[in-house]
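The values are calculated or read from the model by the stated rules, or taken from the named source; none is laboratory data. A quick note: this is a predicted structure, and the numbers were derived from the prediction, not measured. Neighbour counts run over all protein chains shown; Cβ positions are idealised from the backbone, glycine included.
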Number of protein chains: 2
Amino acid sequence: MSSSLDGQWFTEVFNSHGSAFSLKVTEKLLDVQSPYQHLEVYATETFGNLMVLDGCVMLTDRDNFLYHEMIAHPALFTHADPRHVVIIGGGDCGTLKEVLRHPGVEKVTQIDIDQEVTKAAERFFPALVEANDDPRAELLFADGVKWVDDTPDESIDVLIIDSTDPVGPAEGLFKTDFLKRCYRILKPGGVMVQQSESPLYHSGSIIRELRRDMQEAGFDSVATLPFPQPVYPSGWWSVTLAGKNADVGAFREQDAASSEMPLDYYTPEAHRGALALPPFMRRAFVE
Amino acid sequence: MSSSLDGQWFTEVFNSHGSAFSLKVTEKLLDVQSPYQHLEVYATETFGNLMVLDGCVMLTDRDNFLYHEMIAHPALFTHADPRHVVIIGGGDCGTLKEVLRHPGVEKVTQIDIDQEVTKAAERFFPALVEANDDPRAELLFADGVKWVDDTPDESIDVLIIDSTDPVGPAEGLFKTDFLKRCYRILKPGGVMVQQSESPLYHSGSIIRELRRDMQEAGFDSVATLPFPQPVYPSGWWSVTLAGKNADVGAFREQDAASSEMPLDYYTPEAHRGALALPPFMRRAFVE
């Protein structure tokens with residue numbers, strides 16, 4: 001997957017879309033082969049530290065706020081009263097930190113299969129793990145699919161699938177069968193959200209299929225929200241929400257507007273704007 | 001400015017921000033040194049044709065709709081009744097095409113210094129020039145700064161600065177002095193809009209300075225609108241609007257909602273969402 005401009009660059013090549021993105025690096029800080037994936041951390045010249053899994057850019061200090069705010073706050077402000085939140089994946093703990101900003105949340109359980117990711121975050125991304133000591137947070141290192149199967153019916157309010165791409169260890173998280181299992185453990189009124197790749201590259205493929213799979217799994221409403229994400233393929237990314245007896249096309253706008261969270265990207269206006277969808281995406285979903 | 005992954009890639013390196021973006025190319029279609037700049041056109045594997053000026057990506061078939069819709073429609077739907085529109089730069093004619101979708105527009109004058117850009121668009125980007133025969137369109141090849149100086153006071157409704165980056169031939173278009181000249185030729189109620197670089201890279205520098213310069217030039221309201229643009233540095237771009245006795249923080253939402261233009265990105269909801277600005281940008285503008 002990786003190539004380089006010269007020795008000073010980390011490059012991720014997206015062969016299926018004929019594009020590549022590179023960051024100038026100054027030092028390799030970590031190179032670990034975990035039982036699940038190849039984990040690297042680099043110091044970059046202008047993006048702070050960079051985490052890479054199996055050759056794919058996961059996050060940088062500079063722009064991870066976009067992804068983490070957009071996978072957490074739209075789902076949390078869509079649910080009427082989110083108390084028990086579950087994160088599958090999310091080992092870097094950035095999503096956990098955003099979820100814990102919601103004062104009504106009583107418990108957040110994070111299940112990542114690979115403890116090496118969290119260890120790397122603790123060493124090289126201290127800002128992401130700063131909420132880990134919150135007594136409401138529970139960090140488990142286990143197989144998320146199995147964890148879901150062992151969880152009682154209708155026991156979760158919000159389920160966040162903060163996974164890598166649908167290849168490698170996260171492949172099972174993109175199947176209809178898994179979505180049905182997620183549906184089962186959500187309470188009525190529950191919301192799930194999954195990262196859903198690039199609006200430019202995947203509207204007519206991965207995103208459309210995920211939306212259909214969510215509907216087949218029983219969810220009665222689905223909404224895809226695009227947002228900028230410079231270090232991901234095409235610089236443009238999305239999350240897709242699904243509601244169990246809940247309308248994910250609406251959210252607690254007043255609560256979002258009056259919250260005093262110190263955010264960098266999310267606003268209720270951005271949430272509403274994202275819900276409207278660019279016309280080319282709307283067309284891709286029904287074609 | 002250019003480097004390459006191997007012979008099959010076109011790479012633009014953004015040295016000041018330690019990042020690079022690459023597209024896989026299959027053929028070089030044009031290589032011209034005009035009196036003003038170095039113009040290249042490539043066929044890419046997945047983005048259609050690619051235009052490059054002085055080593056910087058200008059546009060591709062696949063994603064130019066984002067930039068062209070966002071530099072045209074927010075300004076046109078902000079002006080109360082845009083009849084005479086002027087485009088400085090814009091030689092690829094994509095902005096012109098979007099402006100001409102507005103039925104109330106009576107005349108669009110486009111002034112680009114470099115006729116080679118328009119010739120290349122005619123040969124390699126036929127979709128962009130398909131409105132050029134509209135009797136309301138006037139294409140001039142001349143110095144835009146001089147053209148502005150020769151234009152009577154208060155004679156233009158909307159002025160669009162569709163330029164390259166603030167280096168090379170477009171440098172003069174980013175100076176306070178030029179903004180004052182633009183202010184002079186706008187009618188009261190007039191709106192100008194300028195492409196204003198990357199929200200991630202330039203909020204605290206180029207964008208902030210442009211906003212201040214616009215205010216110093218006499219404009220009484222200013223609004224920056226971010227939008228995704230995969231092939232530009234950081235994959236995220238912006239336009240900045242300024243009003244002469246006009247509030248660019250509001251627009252004709254009802255007209256935008258009821259228009260039946262066949263657009264791919266712009267919606268009134270996206271316009272409203274962009275106007276709200278991410279909090280990190282708001283902070284960068286006042287710091």
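Quick one: which residue in B:Glu209, B:Glu197 is without any contact (Cβ under 8 Å) to a residue 12 or more places away in the chain and over 15 Å from B:Leu76 (Cβ atoms)? One residue alone meets the criteria, B:Glu209. For the stretch B:242-263, a residue qualifies if it is in contact with a helix residue (DSSP H, G or I) (Cβ under 7 Å, 6 or more places away or on another chain) and closer than 18 Å to B:Arg101 by Cβ, and the qualifying residues are B:Phe251, B:Arg252, B:Glu253, B:Asp255, B:Ala256, B:Ala257, B:Leu263. Just one of the numbered conditions (1) within 10 Å of another protein chain (Cβ to nearest Cβ); (2) farther than 26 Å from B:Leu50 by Cα; (3) assigned to a loop (DSSP other than H, G, I, E, B); (4) among the charged types (D, E, K, R) is not true of B:Glu269: (3). Residue count for the stretch A:234-257 satisfying the condition of being more than 30 Å from A:Thr11 (Cβ to Cβ), within 11 Å of another protein chain (Cβ to nearest Cβ) and in contact with a Ser or Thr (Cβ under 6 Å, 6 or more places away or on another chain): 0.
The set of residues from the stretch B:43-95 being among the aromatic types (Phe, Trp, Tyr) and either surrounded by fewer than 23 Cβ atoms within 10 Å (Cβ to Cβ) or more than 14 Å from chain A (Cβ to nearest Cβ) (or both) comprises B:Phe65, B:Phe77. If the condition is being within 9 Å of another protein chain (Cβ to nearest Cβ) and assigned to a loop (DSSP other than H, G, I, E, B), then the stretch A:272-287 contributes A:Leu277, A:Pro278. Residues that are assigned to a strand (DSSP E or B) and among the charged types (D, E, K, R) within the stretch B:86-126 comprise B:Lys107, B:Asp112, listed in sequence order.
Scanning the stretch B:1-13 for residues being more than 9 Å from chain A (Cβ to nearest Cβ) and at pLDDT 95 or above gives a total of 2.
Does the stretch B:13-20 include one or more residues that are touching a helix residue (DSSP H, G or I) at 6+ places or on another chain (Cβ under 8 Å) and not in a helix (DSSP H, G or I)? Yes, some residue in the stretch B:13-20 is touching a helix residue (DSSP H, G or I) at 6+ places or on another chain (Cβ under 8 Å) and not in a helix (DSSP H, G or I). Just one of the numbered conditions (1) closer than 28 Å to B:Ser259 by Cα; (2) more than 13 Å from chain B (Cβ to nearest Cβ); (3) buried (at least 18 other Cβ atoms within 10 Å of the Cβ) is not true of A:Gln195: (1).
Yes/no matrix, rows are residues, columns are (1) of a type in the set (Ser, Thr, Tyr); (2) closer than 22 Å to A:Tyr265 by Cα; (3) touching a residue at least 40 places away in the same chain (Cβ under 8 Å):
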| position | (1), (2), (3) |
| --- | --- |
| A:Thr78 | yes, yes, yes |
| A:Arg83 | no, no, yes |
| A:Val86 | no, no, yes |
| A:Gly104 | no, yes, no |
| A:Gln110 | no, no, no |
| A:Asp114 | no, no, yes |
| A:Thr118 | yes, no, no |
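Which residue, of B:Glu216, B:Glu260, is among the charged types (D, E, K, R) and more than 12 Å from chain A (Cβ to nearest Cβ)?
It is B:Glu216.
Assess whether B:Leu225 counts as being closer than 20 Å to B:Ile88 by Cβ, within 13 Å of chain A (Cβ to nearest Cβ) and either crowded, with 24+ Cβ neighbours inside 10 Å or out of contact with any Cys (no Cβ under 9 Å at 6 or more places or on another chain) (or both). The answer is yes for B:Leu225.
Counting only strands (runs of 3 or more DSSP E) that fall entirely inside the stretch A:151-259 and contain at least 1 residues that are more than 30 Å from B:Asp63 (Cα to Cα) and of a type in the set (D, E, K, R), the qualifying elements are A:156-162, A:186-195. Return a yes/no flag: does the stretch A:228-239 have any residue that is within 23 Å of A:Val148 (Cα to Cα) and buried (at least 24 other Cβ atoms within 10 Å of the Cβ). Checked the stretch A:228-239: at least one residue is within 23 Å of A:Val148 (Cα to Cα) and buried (at least 24 other Cβ atoms within 10 Å of the Cβ).
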